[in-house]
1. Restricted to the range 170-229, and to residues that are among the basic types (Lys, Arg) and within 16 Å of ligand 1 (Cβ to nearest atom), which residue is farthest from residue 115 (Cα to Cα)?
2. Under 6 Å by Cβ, and 6 or more places apart or on different chains, what pairs join a residue from the range 133-154 that is polar (S, T, N, Q) and modelled with pLDDT of 95 or more with one that is in a helix (DSSP H, G or I) and within 12 Å of ligand 1 (Cβ to nearest atom)?
3. How many residues, within the range 212-242, are closer than 25 Å to residue 164 by Cβ and surrounded by fewer than 11 Cβ atoms within 10 Å (Cβ to Cβ)?
4. Is it the case that residue 83 is crowded, with 19+ Cβ neighbours inside 10 Å, within 16 Å of ligand 2 (Cβ to nearest atom), touching a residue at least 24 places away in the same chain (Cβ under 8 Å) and assigned to a strand (DSSP E or B)?
5. Tell me, which helices (runs of 4 or more DSSP H) lie completely within the range 157-232 with 1 or more residues that are among the aliphatic types (A, V, I, L, M) and free of Cβ contacts under 8 Å to residues at least 12 places away in the same chain?
6. Just checking, which of 116, 146 is within 21 Å of residue 59 (Cα to Cα) and among the hydroxyl-bearing types (Ser, Thr, Tyr)?
7. Mind listing whichever residues of the range 54-75 are hydrophobic (A, V, I, L, M, F, W, C), under 24 Å from residue 128 (Cα atoms) and touching a helix residue (DSSP H, G or I) at 6+ places or on another chain (Cβ under 7 Å)?
8. State whether one or more residues within the range 98-119 are in contact (Cβ under 8 Å) with a residue 24 or more places away in the chain, assigned to a loop (DSSP other than H, G, I, E, B), out of contact with any helix residue (DSSP H, G or I) (no Cβ under 6 Å at 6 or more places or on another chain) and within 16 Å of ligand 2 (Cβ to nearest atom).
Amino acid sequence: MDSTIFITGATSGFGEATARRFAAAGWKLAITGRREDRLERLADELSKQTEVVPLTVDVRDREAMAAAIESLPPSFGQLRALVNNAGLALGIEPAQACSLDQWDTMIDTNVKGLVYCTRMLLPRLIAHGAGAGIVNIGSVAGRWPYPGANVYGATKAFVRQFSLNLRCDLEGTGVRVTDLEPGLCESEFSLVRFGGDQARYDATYAGANPVQPEDIAETIHWLLNMPAHLNVNMLELMPVSQAWSGFSIHRKQD
Ligand code: NDP
Ligand code: 8X3
C-alpha cells in the first residue's frame, strides 16, 4: 500500500521541509496552509515526484477543515501519518502587556486547530493501523518557562499533554503519537513572532548555528519510519549552542 502523509502548515519552515523530505521518499502528500500561492507552487513542484493534494485552509476554521478533509481523493482514505505542524507565536511581551487578540490567535491555532485536525483525521490513521503515526509539533517552550512565553508556551504544554493522552486512547490501534519539541530553529517563525522585524529575526539567530527546517524534517522522517512496534513519546531537540540559564532573582534595592 502507498504511504500517505497529511502535513499542516506546509507553506514555509518545518512543514515545507517535511513535505519535500517525504515527497523525495515517495510518499503521497496532503499539504495545507493559508497562503494559496505558496502552497500551489510547492504542490506543482513536488507533483513531479509524487501525488500531492494542496488544501488551502485555515486550521482554525473547523467547518472549512472538515470540508477540505472530505474533499481528499480516495487514495487518502487511509493515512500513514499526520504532522500537526501549523502554529505560531505572536509577541514576546510580559503577560501584563500582551494583546488578548494575539493570545486568542495562538490558542485558536496551536490548540484548537491541532485538535480539529487530529479528531478529523484519526479514523483514517486508525484505518491504516500498525505503522501509522502522528507527530505533533510542540516546543521547548511547552516544558521550560522563559519571560514572554506566557500563552505560546502554554499552548505547547497543551500539545504535549494532548499527545500523551492520545497515546492512552489509541492503545490497541497501532497508531503512535510523538510530541516533537524543538528549541531554537531558523524559520519564518521569528518573523511572524516579531511582526516582520528583520533586525530582531537576524539577532535571534546570529552566531547560534540554529536547527534548520531540514533537520526537523529528517527527524520527523526518522520518527515515522521506526519499526511499527516502537513509539517515541516525546523528543526534545535543540542546537548544541542552546542551553538553560539559572533562576532569576529579583532583589530589593536598599
Ligand atoms: P513558519 O512560520 O515557517 O511556519 C508556520 C506554518 O504554519 C506556515 O506554513 C503557516 O502557513 C502555518 N500556519 C500558521 N497559522 C495557520 C493557520 N491559522 N492555518 C493554517 N496554517 C497556519 O514556522 P515554523 O516552521 O518554525 O513552525 C512550525 C511549527 O513549529 C509551529 O507550530 C511552531 O510553533 C513550532 N516550533 C517552531 C520553532 C522555531 O524555533 N522555529 C521551535 C519549536 C516549535 P500560512 O501562514 O500559509 O497559513
Ligand atoms: C519555539 C522555540 O524557544 O522560541 O517554539 O519558544 S522558542
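1. Let us first name the residues in the range 170-229 that are among the basic types (Lys, Arg), namely 176, 193, 200.
Still in the list and also within 16 Å of ligand 1 (Cβ to nearest atom): 193, 200.
Working: 193: 22, 200: 31 Å.
Restricting to residues being among the basic types (Lys, Arg) and within 16 Å of ligand 1 (Cβ to nearest atom), the top hit is 200.
2. Here the result reads 136/159; 139/156, each pair linking the range 133-154 to a residue that is in a helix (DSSP H, G or I) and within 12 Å of ligand 1 (Cβ to nearest atom).
3. Quick first cut of the range 212-242, residues closer than 25 Å to residue 164 by Cβ only: 215-238, 242.
Subset that is surrounded by fewer than 11 Cβ atoms within 10 Å (Cβ to Cβ): 227, 229-230.
Going through the range 212-242 one residue at a time, the tally reaches 3.
4. Considered against the rule, which asks whether it is crowded, with 19+ Cβ neighbours inside 10 Å, within 16 Å of ligand 2 (Cβ to nearest atom), touching a residue at least 24 places away in the same chain (Cβ under 8 Å) and assigned to a strand (DSSP E or B), residue 83 comes out as yes.
5. Numbers: elements: 189-193, 198-205, 213-224.
Where helices (runs of 4 or more DSSP H) fall fully within the range 157-232 and carry at least 1 residues being among the aliphatic types (A, V, I, L, M) and free of Cβ contacts under 8 Å to residues at least 12 places away in the same chain, they are 189-193, 198-205.
6. Values: 146 fails: within 21 Å of residue 59 (Cα to Cα).
Unique residue meeting the criteria: 116.
7. Correct list: 55, 59, 65, 66, 69.
8. Taking every residue of the range 98-119 in turn, at least one turns out to be in contact (Cβ under 8 Å) with a residue 24 or more places away in the chain, assigned to a loop (DSSP other than H, G, I, E, B), out of contact with any helix residue (DSSP H, G or I) (no Cβ under 6 Å at 6 or more places or on another chain) and within 16 Å of ligand 2 (Cβ to nearest atom).
The values are calculated or read from the model by the stated rules, or taken from the named source; none is laboratory data. Everything numeric in this text was worked out from a predicted model, so none of it was measured. Glycine also receives a Cβ, built like all others from the backbone with ideal geometry; neighbour counts cover every protein chain displayed.
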